1. Within the stretch 240-331, how many Lys pairs sit with Cα atoms under 15 Å apart, leaving out pairs fewer than 8 places apart on the same chain?
2. Which of the aspartates and glutamates could be linked to K62 by a straight reach, that is with a Cα gap under 19 Å, when you skip same-chain ones fewer than 8 residues away?
3. Can you list the aspartates and glutamates whose alpha carbon is less than 12 Å from that of K50, not counting same-chain residues fewer than 8 positions off?
4. Give me L598, L443 ranked fewest to most by other Cβ atoms within 10 Å of their Cβ, as a rough exposure proxy.
5. Short version: ³J(HN,Hα) in whole Hz for each residue of the stretch 164-169, in order, from phi by Karplus 6.51 cos²θ - 1.76 cosθ + 1.60 (θ = phi - 60°), x for Gly and Pro, what are they?
6. When you take every Cα atom in the stretch 408-465, what is the radius of gyration, and what is Dmax, the widest Cα pair distance, in Å?
7. For the stretch 154-288, what's the relative contact order in percent, using C-alpha pairs closer than 8 Å and at least 6 residues apart?
8. For K237, give me every one of the lysines with a C-alpha distance below 22 angstrom, ignoring sequence neighbours fewer than eight places off in its own chain.
Amino acid sequence: MCGIIGYAGYRDVVSTILQGLTNLEYRGYDSAGIALQDNGEIKIYKTLGKLVNLKNELEKKKTEFEHPTMGIGHIRWATHGSPSLVNAHPHTCTCGKLVVVHNGIIENYKELREELINKGCKFRSQTDTETIAHLIAEEYSKTKDLEAAVRNSVKKLQGAYAICVMHKNAPDIIVGARKHAPMLIGIGEGENFIASDTPAIIEYTKKAVYLDDNQIAVVTKNNVKITDTNGNEIKKKIEILPWESMSLSKMGYKHFMLKEINEQPDVIRNNLSGKLFDIDAPVNLKEVKLDKAALKKLNKIEIIACGTSLHAAMVGKYIIEDFAGISVEVEASSEYIYRKTTTDASTLVVGVSQSGETADTITAIKQAKKKGAKILIITNRPDSNMARLADSLIPVNAGIEVSVAATKSYTAQLISFYLLAIHLAEVKESLDKSTLRNLKHELIQLPYKIEEILSDTTKIQECAKNFSSYKNFIYIARGVNLPTALEGALKLKEISYINATGYAAGELKHGPIAMLDETMPVLSVMIPGGITYEKVLSNSEEAKARNAKLIALTSSTDKALYNLFDAVLKIPKVSEILSPVITCVPLQLLAYYIAEFLGKDVDQPRNLAKSVTVE
Ligand code: G6P
């Protein structure tokens, strides 16, 4: 979603800010802008569309600025008001001396806007953000102190914000503030940064301080001061950021998505290391802080998540119920929020999120916490807001995921669920020793099986080419692979904009079958030896009888499949219960190659954001 970087220091301000924004680009946006403190003036440049447009604009107009000493930059993902130049950030007050960039949504902006208009402020955009600029400018006119003006203003804001503010008459400072939206301060030598996320600053410094809600930061090139809403100074711990800037490089791959798909074997190994190394020893999940007695008694788990993480959660439900016999409910966070749930102090609530910043999931977790539930968070961002709400935290260690379409974070989440389900089974003694040994043995083998798929993708590429002209797809599966069908279809929708829907194979005949004809390919996920193979096969035959073109994703070596299916995507032999970790990979690749073949913007699909920080 939106991204912010503010910079004060010795480097070239324009290129430092542009690089910071480039590193946030993957989050998804529709316009960009920058404000510079230059020679006693505030200068603003904005463009629509990709960041390259802003780069070109700044290059064209570089004679307009002399030597900027500080600046703030923003990429916007439209919430209030369409993507347009006038709605792009930075926004200014009436006289243009004060500029602000903002992530989040101000809920009471209409009331504030009306009040400010009555006081004579001239609004130019439809955004909630512009209200903040006028509000702070109004306070500044009373105190002539930018820090105090921000402090007094944010008290009047309801909703979520991470803001960076500059004023023409305060040429040495950038003021940042946050509530319910992430913001961190990067600490350098003779330079400091403010950003909405780590990648913006990782090339320049690994030292950072995370702002908490209701804190205000005053940043100059040589100093950082953080205060609370009453102006009391707060001493905060400097943290070392967990990433290398290298992780933001494509490393020779055409797209981040392809790189990230190929990283999955290592991500899984990384995730298993230290937790599962001896198939005769219990998994080491010390991250789960519930004591054994509490876990033994545990009989209700709720898992909440969005998007791809929700599909990982669905696999989680299946295997926790299967391995540990604990009843699990899975729900989209955005639905959980608006329901009278039965969550109570005896419930373990698991939040799953790649980014750890998804607003719906954060709200749902907070709601569950209020009801006394114990909170376990499975995330790729142990430094996120969601992680801070956790009683127990399982970091999935996938490394930064740049492509908007989640791939390696999904498999990493799956592995965390397998480890959790085995851990629960061991505590509850619900599986016999030999089943546990077999499961662990096969889990350790999974990275090799994915490597086998990745070593030759010719058949997948061929299939992508042959099927890329279809406008609709149906993906079917049963049991533990139903989430695979949903996730495979989601991947295709996200990056190729082809309409693809995942269904429980048994549900096909209860409605969706009416849509089948030669224009609607059906992809079936079938694991021989599993409890669903025969049934999915016969559901595929039902589809064939309606002239649908068929694709099989299977480990079967049965030659007869080639009579029924138009394409067969082969995967290595795998047990059905562990197969979701494998079956997702060819579906990621199929979506990737279809989108690539159609010339789509694979890493930054239209309208999507990597982390959705609004409800
Ligand atoms: C966005 C992304 C999806 C992601 C979802 C949940 O919609 O585009 O790829 O699955 O958010 O994000 P989270 O960070 O909570 O896993």
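1. 5
2. D12, D38, E41
3. Once the sequence-local aspartates and glutamates are set aside, what remains near K50 is E25, D30, D601.
4. Ordered from fewest to most neighbouring Cβ atoms within 10 Å, L598, L443 come out as L598, L443.
5. Once θ is set to phi - 60°, the couplings for the stretch 164-169 become 10, 10, 10, 9, 3, 8 Hz.
6. 15.6, 49
7. 17
8. K179, K206, K207, K221, K225
Any read-out appearing in this document is the output of simple, stated calculations on the displayed coordinates, not a laboratory observation. Please read all numbers here as calculations on a predicted model, not as lab measurements. Here the Cβ is made from the backbone with ideal geometry for all residues, glycine too, and neighbour counts use every protein chain on show.
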